[in-house]
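The next block holds one structure in the form of structure tokens; read it before the comments.
The values are calculated or read from the model by the stated rules, or taken from the named source; none is laboratory data. If you're wondering where the values come from, they're calculated on a predicted model, not measured in any experiment. We place every Cβ from the backbone using ideal geometry, glycine too, and count neighbours over all the protein chains shown. Side chains included, ligands, DNA and RNA excluded: accessible areas come from the protein's heavy atoms. Shrake-Rupley method; radii C 1.70, N 1.55, O 1.52, S 1.80 Å.
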Amino acid sequence: MKTIYAFFAARRYWKDEAQLQAAYARLSAWAGENEHCLITESGPETLPKGDCLVAIPMSGAIQKNVLAAAKQYDSLILYGAYIRGNAAPEDCESMLCYNAAPTLMDTWAALRRTKERAMLALNATQLQDKLLVLDAYYHVKGARLLKIGETEPWVVSNADSTDIYTQKFGIEVVPVAQSELAALYESATDEQAVPFLQWFLSHSKGCVEPSQADLKNAARMAWVLITLLHQYRADGCALACFNLLKTGTTACLGVSHVNDCTNLVAACECDMDSAVTMLLMKKLTKTKLWMANPGLQPDGTINFSHCTGPVCCLGAPLPYRLRSHHESGIGAALQIEMPLNQVVTLCRISDNMRKMTLHRGVTLKGPYERACRTQMHVKLEDMDHYLATALGCHQILAYEDITQKLTDLATLFKLEIL
């Protein structure tokens with residue numbers, strides 16, 4: 001996404017040219033390496049080309065200038081630079097004196113009616129968050145996801161057709177036959193698997209069921225998954241992992257490596273709805289994403305579990321052990337000691353990509369159950385709301401509160417938040 005910063009100032013207010021240029025120099029420092037320009041009555045007549053315009057009113061009498069500029073960009077963020085704390089005190093005082101405050105609200109009211117992708121930011125944090133949301137929007141619109149194999153038969157909440165993902169989000173879905181992955185796995189060598197094997201062995205607390213051969217094969221599958229994603233220049237995938245069990249190994253380590261160590265996403269069980277949800281969330285969080293199954297508990301909490309997970313969900317590797325796959329008892333999987341007292345965001349987009357569920361919670365200690373290897377208990381803010389709005393089994397979790405960013409992104413994609 002290319003962002004342009006434009007500062008709008010009317011000379012009927014900014015009569016001192018030196019004062020105006022000094023304020024512009026201080027304010028435009030926010031732009032960093034992005035292009036920026038000062039818009040007054042004398043021009044420029046055309047703005048630099050880009051995807052997003054950050055418009056900063058510095059005075060009154062510039063509403064029409066902003067609205068005219070907005071037509072040249074696909075999206076726009078209107079920024080309240082005059083608000084105390086957003087700029088140098090002398091610049092805030094000048095902009096307030098020169099009627100930037102009423103101009104902001106007048107312009108925002110018009111933009112809300114006339115500009116589909118218009119946002120309002122009232123401080124630097126909001127501005128960066130909304131830029132992040134727009135960056136995620138454009139990333140998704142040009143994304144490519146692989147559908148490797150067919151969606152597992154028990155995943156009943158996916159879209160009726162992959163065309164829906166293209167129509168709703170502009171995502172290109174590329175089908176990849178499972179036989180192509182299997183053939184690549186058969187040709188993979190132990191040498192190609194070494195970096196993946198070493199990574200998982202060097203950070204683990206030990207190995208329980210898997211043999212050395214199991215670990216090598218799981219690492220080979222990790223190489224295969226990464227290789228396929230790169231060959232197709234894809235941004236992620238959904239993988240029919242249970243159907244892979246006939247190869248004698250699992251994709252649990254590979255899925256973990258994709259979600260942990262790359263900027264790509266991977267969803268299990270060929271759950272395309274989950275893959276799309278992960279794609280939308282990936283750029284909105286500094287943490288890693290986890291796709292997990294919910295296990296309801298008698299105390300009103302949920303024990304989320306899966307045989308793969310983000311070892312580095314908060315940065316440094318968490319403690320974990322290498323285990324076998326829970327359902328099949330073969331291959332290699334992860335039993336990660338997930339963080340406690342950590343705020344999490346739960347999300348799923350489903351119902352033919354029309355709706356989104358959003359929930360906040362906190363992680364806590366709970367009993368380890370005979371379920372998928374990695375487990376994490378979560379107390380949600382509103383358990384009844386979660387139960388009443390569930391769009392599917394799998395949930396995508398981020399390890400911070402990104403509910404507002406997801407709300408903004410849902411608005412851009414016209415998703416109903418339940």
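Only strands (runs of 3 or more DSSP E) wholly contained in the stretch 137-254 count here; list those with 2 or more residues that are open to solvent by 30 Å² or more (accessible area, probe 1.4 Å), more than 21 Å from Leu334 (Cβ to Cβ) and touching a residue at least 40 places away in the same chain (Cβ under 8 Å). Give the steps one after another, and end with the answer.
Working: elements: 144-148, 172-176, 236-239.
Per the criteria, 144-148.
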Review point. Taking interchain pairs and intrachain pairs at least six residues apart, which have beta carbon atoms under 8 angstrom, with the first residue in the stretch 260-286 and open to solvent by less than 10 Å² (accessible area, probe 1.4 Å) and the second among the acidic types (Asp, Glu) and modelled with pLDDT of 95 or more?
Key: Val265/Asp235; Leu279/Asp235
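Looking only at the stretch 29-59, which residues are among the hydrophobic types (A, V, I, L, M, F, W, C) and surrounded by 15 or more Cβ atoms within 10 Å (Cβ to Cβ)? Quick ask: steps written out before the conclusion?
Start the filter on the stretch 29-59 by keeping residues that are among the hydrophobic types (A, V, I, L, M, F, W, C), which leaves 29-31, 37-39, 47, 52-56, 58.
Listed by number, the residues that qualify are Trp30, Ala31, Cys37, Leu38, Ile39, Leu47, Cys52, Leu53, Val54, Ala55, Ile56, Met58.
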Exercise for review: Look through the stretch 361-418, keep the residues that are touching a strand residue (DSSP E or B) at 6+ places or on another chain (Cβ under 9 Å) and of a type in the set (Gly, Ala, Ser), and return whichever of them is nearest to Leu134 (Cα to Cα).
Suggested key: Ala410
**Study point:** Matching option when the condition is touching a helix residue (DSSP H, G or I) at 6+ places or on another chain (Cβ under 9 Å), assigned to a helix (DSSP H, G or I) and either open to solvent by 10 Å² or more (accessible area, probe 1.4 Å) or within 25 Å of Lys283 (Cα to Cα) (or both), among Arg84, Arg26
**Key:** Arg26
Check your understanding: Filtering the stretch 379-410 down to residues that are more than 15 Å from Ile302 (Cα to Cα) and part of a loop (DSSP other than H, G, I, E, B), which residue is most open to solvent (accessible area, probe 1.4 Å)?
Key -> Asp401
Exercise for review: Would you check if Ser75 is in contact (Cβ under 8 Å) with a residue 40 or more places away in the chain, more than 30 Å from Ile164 (Cα to Cα) and either surrounded by fewer than 19 Cβ atoms within 10 Å (Cβ to Cβ) or hydroxyl-bearing (Ser, Thr, Tyr) (or both)?
Suggested key: no
